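First up is the structure itself, then whatever we jot down about it.
The values are calculated or read from the model by the stated rules, or taken from the named source; none is laboratory data. Given the structure is predicted, the values throughout are model-derived calculations rather than measurements. With ideal geometry, Cβ positions are generated from the backbone for all residues, glycine too; neighbour counts draw on all protein chains shown. Note: areas computed on protein heavy atoms with side chains; ligands, DNA, RNA excluded. Shrake-Rupley method; radii C 1.70, N 1.55, O 1.52, S 1.80 Å.
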Amino acid sequence: MARKQSPARLVVALSVAAVLVIFLVYTSLASGTPLVQPSQLPKQHGSVSLAGVVLRPHGNARSTQGLRFGLRDFAGKTTVNVVYHGSVPDLFKAGRRVVVDGTLKNGVFVARPDTLVTKCPSKYQPKKG
Amino acid sequence: MTAAVVIAAVLAVALVLAVALPFLREPEPADDRLVALDARAQRRLALAEERDRALAALKELELDHRTGKVSDADYRAEVGELRRQAATSLRALGERAEAARDRNGDVPQLRQRDP
Amino acid sequence: MAPLGRAALALTLGLAAYALVAGAYAAWRGRRRLALSARNALVAAFGTTLLASLILLGALLRHDFSFVYVAEHTSRQLGTAYRFSAFWGGQEGSLLLWLLVLTGYAAAAVLLNRRSAPDLVAWVVPVLGGLAAFFAFVLVFVATPFATQQAPPDGAGLNPSLQNPYMLAHPPLLYLGYVGLAVPWAFGMGALLARRADERWIVATRRWTLLAWTALGVGQLLGSHWAYVEVGWGGFFAWDPVENAALMPWLAATAFLHSVMVQEKRGMLKVWNVILVSLAFWLSLFGTFLTRSGVVNSIHSFAQSSIGGWFLGAIAVTAAFSLLLILTRLELLRTETKLESLVSREVTFLYNNLLLVALALTILWGVTSPIVTELLNGVPTNKHQGYYDFFLRIFGLPLLFLMGVAPLLAWRRASWRSVRASFAIPAAVAVAVGLVLVALGEGGSLLGLLAYTLSAFVLASIGYEFVRGTAARRALGEPSWLRAFGSLVARNRRRYGGYVVHAAIVLLALGIAGSGVSGTERGRLLQPGESMRVAGYTLTYLDQTVSQRPNVTELRVNVAVSRGGHRIGTLHPGKNAYLAEQQTSNEMAIRHDVASLGDLAVIADQINQTGSRAVYLKALAKPLINLIWIAGFVFVLGSAITLWPDAREQRRLADRYDEALAPVAS
């Protein structure tokens, strides 16, 4: 008994194509934020996520002046000054590795508020200092 | 540390025994072939699955009809075809299969089944 | 004892390798006794792994700091429960737990199925043996838990943020889930290797998959609750790579669970099913790899270790093996049955597969794109929250819709007549809810409104199903509504259990939508006596208190909470300073509001203990958020109903396979 071929498969295949198109369009328009360390900053334009080791923090993140600290490469000497406003995670202190979003303006990294994030001490390695 | 050595030794012996057990139990087996499904058995299994699917579909149709998901008209339209499919599968499997299912009391088209 | 531990693991490696090699040869050549021998080896591997685990556990409980692992993860003052949980607190221990669960599951699976599916089991043994051999290899040669040293006086202790009950439950549940997915995968591969096109492998592993999937789901919810309550930033999920690592296999497993129903009812989607089970397991393995190597930048950020390379190899081999096997057996899996109508339950399941896989793959891309961009541009590029939110909505909302629609459609083809009739009431409820929400002023967010109305639609269609079913049983003669309801569920456990699980997912969606879309956040610097307002609450900063405990200084800000002019309570957000570990933790204060099923969460972001004693408070109102945790309980209930054994069904299935194996009577 011959059955009329249902358009179901065609419709489903078109849906798959539609999903792919949505995906490609979205990712080309809104591509993520590069994650860099201070030494890589000069090559970047626009908003980046900056990762580094905290040096000499001073100031108050909730005051108009903001929290100021230096951020140094994990394994290098390049340091950049950061100005930050917003919440400060409890694990934040000098010597910690942190990531913060923002843009480099006139040699100072101006952070986007509330984007400061610390890396938890590693669960899978002996704690180092 | 002698406790550890003893445990290790006992363990080693036990493991060798466990692994060799099938050979020790039957040094000269009549038949060392692994049970496998030949083509005929596979076909029978495929038919059995078809039969079960048809019977389950019938049962589900009854349930759906009773709960109102399938209207009387749709039920009448579907049930004939499903019964035919079930009957075909059962016939293909032979009387033996039907007898076995009768024993378990599981024949939807002969008796009203509760949802 | 440590050398014995090492020896036990080495024996596990040997046994698993034997199970792989001998088992594969025996299955290929059809040698019964050798297959049996390989199976015994796999089961024995559980025994030796158990021994190794007990040795490590003993060392942890005994404070045996000559074990490097014990010294690194415990200390003399650590309570018994956390010495126990330190088993999985570190790299080597957690790998051992993986192996323990794997060999345990493997032993159970092959023993339970040894009589009913011997040809399948013959191939499952080498597959699981190979997997176990990999983990044992890593544990013996790359990351051993049994390294020894000159015992120091005390250990390094456990990070205080890990010292809570969640640490006892969250990782083991996740592992039961991750590893559990290996069993259906092994059976699927076994079926292909044995050249079987029937659904025996699915029938054999249905409960395994359900259990693993439930464990994975509950484990994730626990992790989210942990993040919400303990980490204290007011959120519960951040699309962190480690969180995604658990979500992706769960999504693939959800697709698999549904897709196998189509194979069961219609004999279709066989290729989909082997692909889905392989994808689910592969994502689980990939997730394990993600959380152990520093490959992807993550807030959990586990350190770089040599494990990464080995795991990458295992992932590549597993993927290649599964793909090759499926490709070479493709002919076997072809079916005659075609899709008959666009309006049928099969099509909704197919879309279900597509959407879930699409979501899982977009998350996968989000997780791996930093690696890819780093390889291409020299700099990794992370996807932000917006990326994940977008795809969650665009795939999640249709999925929500499908959850409501699928039960209303019949298999094969549904006539428009019956579809219209079934849709009418749930759709009407949904529209009514939507209108009420707009009238109440919640129409601000279109997406929120859509989520709420779709949720109402699904809940209404589920409720409708229960009502119709109970009414039908009443009509059959059940004495009371309660008995009718009970017998309805008891006789159709998978269907109605499934509905309960769907209800749980809807509650989850409502909780996520409500706390996100309808939530409010306010932050203010307050002097003592000053107040701030958020979502109808008035918070007044009273004073600070400090309490000193053995290792902890607890600093708390006392905040009076009022609503509508009446004082309804006091909250005490603050910070804990841990002396030995030189760390502070944020202690968020939460007040549950029964009416809105929501929370008022207050964080003492900044506390000045001197001078003005001003305090920066962040207050978050999160309506409906408790639905998320309630959903967890409903989820487990639904799963339990579905899992409940049905004796008649078991017998029916047993008969089916016995008949096939028995010789035909002449």
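Selection of the range C:64-75 for residues being outside any helix (DSSP H, G or I) and either hydroxyl-bearing (S, T, Y) or open to solvent by 40 Å² or more (accessible area, probe 1.4 Å) (or both) yields C:S66, C:T74, C:S75. From C:L510, C:L542, C:L459, C:L488, grab the single residue that is part of a helix (DSSP H, G or I), more than 21 Å from C:G234 (Cβ to Cβ) and away from chain B (no Cβ under 14 Å). Within the list C:L510, C:L542, C:L459, C:L488, the selection yields C:L459. If you go through the range C:347-357 one residue at a time, do you hit one that is more than 8 Å from every other protein chain (Cβ to nearest Cβ) and outside any helix (DSSP H, G or I)? No, there is no match, as no residue in the range C:347-357 is more than 8 Å from every other protein chain (Cβ to nearest Cβ) and outside any helix (DSSP H, G or I). Close Cβ contacts (under 8 Å, 6 or more residues apart or on different chains) running from residues in the range C:180-209 that are over 12 Å from C:F256 (Cβ atoms) and of a type outside the set (A, V, I, L, M, F, W, C) to residues that are open to solvent by 10 Å² or more (accessible area, probe 1.4 Å) and not in a helix (DSSP H, G or I) comprise C:R195/C:R329; C:R196/B:L37. Are any residues in the range C:491-507 open to solvent by less than 40 Å² (accessible area, probe 1.4 Å) and away from chain B (no Cβ under 14 Å), and if so, which ones? Selection gives C:G497, C:V500, C:V501, C:H502, C:A503, C:A504, C:V506, C:L507. Within the set C:W208, C:W272, C:W250, the sole residue that is open to solvent by 10 Å² or more (accessible area, probe 1.4 Å), over 30 Å from A:S87 (Cβ atoms) and modelled with pLDDT of 95 or more turns out to be C:W250.
Consider C:R549 carefully, then state whether it is more than 36 Å from the chain's Cα centre (by Cα) and basic (K, R). Spelling it out, C:R549 is indeed more than 36 Å from the chain's Cα centre (by Cα) and basic (K, R). Going through the range C:199-246 one residue at a time, which ones are among the small types (G, A, S) and in a loop (DSSP other than H, G, I, E, B)? Matches in the range C:199-246: C:G232, C:G234, C:G235, C:A238. Checking every residue in the range C:161-170 against the condition of being in contact with a Lys or Arg (Cβ under 9 Å, 6 or more places away or on another chain) and open to solvent by less than 40 Å² (accessible area, probe 1.4 Å) gives at least one match.
Checking each residue in the range C:517-531 for being away from chain A (no Cβ under 14 Å) and in contact (Cβ under 8 Å) with a residue 40 or more places away in the chain picks out C:V517, C:S518, C:G519, C:T520, C:P528.
Please go through the range A:72-91 and give me each residue that is under 15 Å from A:Q37 (Cβ atoms) and without any contact (Cβ under 8 Å) to a residue 40 or more places away in the chain, ordered by number. Result: A:R72, A:D73, A:F74, A:A75, A:G76, A:K77, A:N81, A:V82.
If I filter the range B:19-45 down to residues being crowded, with 17+ Cβ neighbours inside 10 Å and assigned to a helix (DSSP H, G or I), which single residue comes out as farthest from the chain's Cα centre (by Cα)? Per the stated criteria, the residue is B:V19. Could you tell me which of the residues B:D106, B:D114, B:D52 is facing chain C (nearest Cβ under 9 Å), open to solvent by 40 Å² or more (accessible area, probe 1.4 Å) and either assigned to a loop (DSSP other than H, G, I, E, B) or modelled with pLDDT of 85 or more (or both)? Being facing chain C (nearest Cβ under 9 Å), open to solvent by 40 Å² or more (accessible area, probe 1.4 Å) and either assigned to a loop (DSSP other than H, G, I, E, B) or modelled with pLDDT of 85 or more (or both) holds for just one of B:D106, B:D114, B:D52, which is B:D114. Any residue that is touching a residue at least 12 places away in the same chain (Cβ under 8 Å) and farther than 30 Å from C:L454 by Cβ - is there at least one of those in the range C:470-489? For the range C:470-489, residues touching a residue at least 12 places away in the same chain (Cβ under 8 Å) and farther than 30 Å from C:L454 by Cβ: present. If you go through the range C:390-418 and keep only what is within 13 Å of chain B (Cβ to nearest Cβ) and either under 25 Å from C:L354 (Cα atoms) or open to solvent by less than 10 Å² (accessible area, probe 1.4 Å) (or both), you end up with C:V405, C:A406, C:P407, C:L408, C:L409, C:A410, C:W411, C:R412, C:R413, C:A414, C:S415, C:W416. Of the strands (runs of 3 or more DSSP E) lying entirely inside the range C:549-637, the ones with 1 or more residues being within 14 Å of chain A (Cβ to nearest Cβ) and in contact with a Phe, Trp or Tyr (Cβ under 8 Å, 6 or more places away or on another chain) are found at C:552-563, C:583-587, C:598-607, C:615-622. Within the range C:216-233, the residues that satisfy the criterion of being closer than 17 Å to A:P89 by Cβ and open to solvent by 40 Å² or more (accessible area, probe 1.4 Å) are C:V229, C:E230, C:V231, C:W233. Could you tell me whether any residue of the range C:419-431 is open to solvent by 60 Å² or more (accessible area, probe 1.4 Å) and either aromatic (F, W, Y) or within 12 Å of chain A (Cβ to nearest Cβ) (or both)? Checked the range C:419-431: no residue is open to solvent by 60 Å² or more (accessible area, probe 1.4 Å) and either aromatic (F, W, Y) or within 12 Å of chain A (Cβ to nearest Cβ) (or both). Among the residues here, C:L78 does not qualify as in a helix (DSSP H, G or I) and either open to solvent by 40 Å² or more (accessible area, probe 1.4 Å) or not small (G, A, S) (or both). It is to be established whether one or more residues within the range C:437-456 are more than 10 Å from chain B (Cβ to nearest Cβ), without any contact (Cβ under 8 Å) to a residue 60 or more places away in the chain, touching a His at 6+ places or on another chain (Cβ under 9 Å) and closer than 16 Å to C:A513 by Cα. No, that holds for no residue.
Just to be sure before I move on: is B:A99 more than 9 Å from chain C (Cβ to nearest Cβ), farther than 29 Å from C:S415 by Cβ and modelled with pLDDT of 80 or more in the structure I sent? For B:A99, the condition - more than 9 Å from chain C (Cβ to nearest Cβ), farther than 29 Å from C:S415 by Cβ and modelled with pLDDT of 80 or more - is not met.
For the range C:35-54, does any single residue satisfy the condition of being within 25 Å of C:A133 (Cα to Cα), surrounded by 19 or more Cβ atoms within 10 Å (Cβ to Cβ) and within 14 Å of chain A (Cβ to nearest Cβ)? No, that holds for no residue. Considering only residues in the range C:8-30 that are closer than 14 Å to C:F146 by Cα and buried (at least 22 other Cβ atoms within 10 Å of the Cβ), the one that is farthest from the other protein chains (Cβ to nearest Cβ) turns out to be C:L9. Scanning the range C:459-469 for residues that are of a type in the set (D, E, K, R) and either open to solvent by 30 Å² or more (accessible area, probe 1.4 Å) or without any contact (Cβ under 8 Å) to a residue 12 or more places away in the chain (or both) turns up just one, C:R468.
Working only within the range C:109-141, note down all residues that are surrounded by fewer than 16 Cβ atoms within 10 Å (Cβ to Cβ) and assigned to a helix (DSSP H, G or I). Residues satisfying the conditions are C:L111, C:L112, C:F141.
Every listed requirement among (1) more than 20 Å from C:G511 (Cβ to Cβ); (2) of a type in the set (F, W, Y); (3) open to solvent by 30 Å² or more (accessible area, probe 1.4 Å) is met by C:Y387 save one, (3).
Residue-level check: of (1) surrounded by fewer than 16 Cβ atoms within 10 Å (Cβ to Cβ); (2) assigned to a helix (DSSP H, G or I); (3) more than 10 Å from chain A (Cβ to nearest Cβ); (4) of a type outside the set (K, R), C:W365 misses just (3).
Summed over the range C:141-163, the residues that are over 17 Å from C:E72 (Cα atoms) and in contact with a Ser or Thr (Cβ under 8 Å, 6 or more places away or on another chain) give a count of 1.
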